[in-house]
Amino acid sequence: AITPPGKNPSLPSKPNPAYSTKEQVTSYEDVTNYNNFYEFGTGKDDPAAYAGDFRTRPWTVAIEGEVQKPQTLGIEDLLKLAGMEERIYRLRCVEGWSMVIPWIGYPLAELIKRAEPTGKAKYVAFETAVQEDTMPGVRRAVLDWPYVEGLRMDEAMHPLTLLAFGLYGEVLPNQNGAPLRIVVPWKYGFKSVKSLVRIRFTEEEPPTSWVKSAAQEYGFYANVNPNVPHPRWSQATERRIGEDGFFSPKRETMLFNGYADEVASLYAGMDLKTNY
Amino acid sequence: MSITMSMAESRPAPKELPRRRGPQVFGIPFNVFRAGVFLLGLFPLARWLVLGFTGGLTADPISFLIKSAGTWTLVVLLVTLAITPLRVITGQAGLVKVRRMAGLFTLFYASLHFMSYVWWDQWFSIPAIADDILKRPFILVGFLAFLALIPLGVTSTKGWVRRLGGMNWQRLHRLIYPIGALALLHLWWIRSGKNDFLDAGVYLGVLIALLGWRVWHAWRRRASIS
């Protein structure tokens, strides 16, 4: 069982073994101190160092675009919207490292259903908060802020796609995307938007921050795929943080990060080399 | 003769030296100065050891060490390139005698950078390394820069200066300029994916300043001769 580290308020949940890996969980220390969250700086230790002043209350999420019921929900309502589950997912970063993280949340589909997307809703765009006074990273134009990522509707509605509010039995630390974030375990980590403030349903593929910045390197689909290398490194292997050390080779990366049984059908007939 | 930095040319004419003291650099006895430079050269290595024993190598120590060795290679290379301008500007002739040491430290950290990649990133797989070099321009230029450093290290001894002759030796060692450019290109391409050129920009500025000084210095000397 996961022992809460006692750093944040606890967030009760029910374990969901059907959607949990039995692999060794990455230490809380590593999960919360080795982060890519460029709004707080591009260094891996920047988010843990600088996210302390980030304001997570009051907090609202706007749902807009191709929906019958556009609405803005407060964090208190979002927390109560569905039953909290604990799911232990693999996380594969596009940079070639990976972790195993016990998330707490519920399927994003629960929220989407409430907004009643129209027939035109083919894609969903997610937007991260921008707080200029608490996010030192947004003063530099490393990316086009606010950070935007997106999914196809079927990806967003997939039962694996999680709206996460916590990890390790407690509410999310700021550096991990408090107070709520998306987790898409079969895609590279950058697809999983942190500190979510806006969900917009669209007919066209939304322009995402990374596609605008470096489309050749970070595509819209970004499915974990050992057979499609990044232009500057192979994606065939990965280093599991805290486990793969100086005296062992990197481990082999699995297609769809090991979730192929669940998600491969979403991409039937698609060329994953061109839709990377 | 264009951009040169031979030992004798810019050395100030011997004046009446105070006989009591041995050679000095910045008022420090040369042997002490050289030992100080040597210890400074070991600083990155010492830093890694201290970080290693205090849990300071981040959650991904391998990635940290590979990158850190690369960073220090570039820093030491730029320091090496700065020695001749510093010598000419300050008139501290003894500086030339630590240039070889600085160059060898560059090769040392480049070797650590390369070996950490071969070991930890590629797990000694020669096909994987060959594939990486052929497929990825940033790996190729980094590899070429490292290869080109080796003959400079090998021929850094007095014996090799004699064997090659001063002119040929100097010609060979001018390779350090393209090596510096390749090393910087290697870093620039690494940074390009994230559109974050802060550190690479600083190194580029320093490299341009150091090479620009050489061009300016050679031009001025030529002008004063004619």
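The values are calculated or read from the model by the stated rules, or taken from the named source; none is laboratory data. Because the structure is a prediction, the values reported are computed rather than measured. For the accessible areas, the whole protein counts, side chains as well, though only heavy atoms, and no ligand, DNA or RNA atoms are used. Shrake-Rupley method; radii C 1.70, N 1.55, O 1.52, S 1.80 Å.
Observations, loosely collected:
- Cross-link pairs beyond the 21 Å C-alpha cut-off, checked among A:K80/A:K194; A:K191/B:K194; A:K191/A:K212; A:K14/A:K191: A:K14/A:K191
- Distance between region B:117-136 and region A:53-129 - C-alpha centres, whole angstrom: 40 Å
- Relative contact order [Cα under 8 Å, 6+ residues apart], chain A, whole percent: 22 percent
- Largest-first ellipsoid semi-axes for region B:20-94, taking √(5λ) over the Cα gyration tensor eigenvalues, angstrom: 33, 16, 6
- Surface listing: A:F220, B:F197, B:F38 arranged by accessible area from highest to lowest gives B:F38, B:F197, A:F220, probe 1.4 Å.
- Those residues of region A:27-75 for which accessible area with every protein chain present is at least 50 Å² below the isolated value (1.4 Å probe): A:Y34
- Sorting B:F138, A:F40 by solvent-accessible area of protein heavy atoms yields B:F138, A:F40, largest first, with a 1.4 Å probe.
- Cα gyration tensor, chain B - rounded (a/c under 1.5), prolate or oblate: prolate
- Surface share of carbon and sulfur [accessible, 1.4 angstrom probe, percent] for the protein assembly as shown: 62 percent
- Shape of region A:168-249, Cα gyration tensor, a/c cut at 1.5: oblate
- Chain A - mean residue ellipticity at 222 nm from DSSP helices (-39,500 (n - 2.57) per run, n ≥ 4, rounded to 500): -3000 deg cm²/dmol
- Accessible surface buried once A binds B (1.4 Å probe; total of both sides; Å²): 2100 Å²
- Per-residue ³J(HN,Hα) for region A:42-58, Karplus 6.51 cos²θ - 1.76 cosθ + 1.60, θ = phi - 60°, Hz, x for Gly and Pro: 8, x, 5, 8, 4, x, 5, 6, 10, 8, x, 8, 4, 8, 10, 9, x
- Reachable lysines, given that their alpha-carbon falls under 23 Å from the alpha-carbon of B:K158 and they are not under 8 places away in the same chain: B:K97
- Under 5 Å from the amide H of A:V67 lie the amide H atoms of A:T118, each residue being 5 or more positions distant or on a separate chain, with H modelled from the backbone and absent for Pro and chain starts.
- Which of A:W103, B:W216 is most accessible, then next, and so on - probe 1.4 Å: B:W216, A:W103
- Folded to 0 to 90 degrees: helix B:61-90 orientation relative to chain B principal axis, Cα: 10 degrees
- For the protein assembly as shown: accessible area per residue (Å², 1.4 Å): 48 Å²
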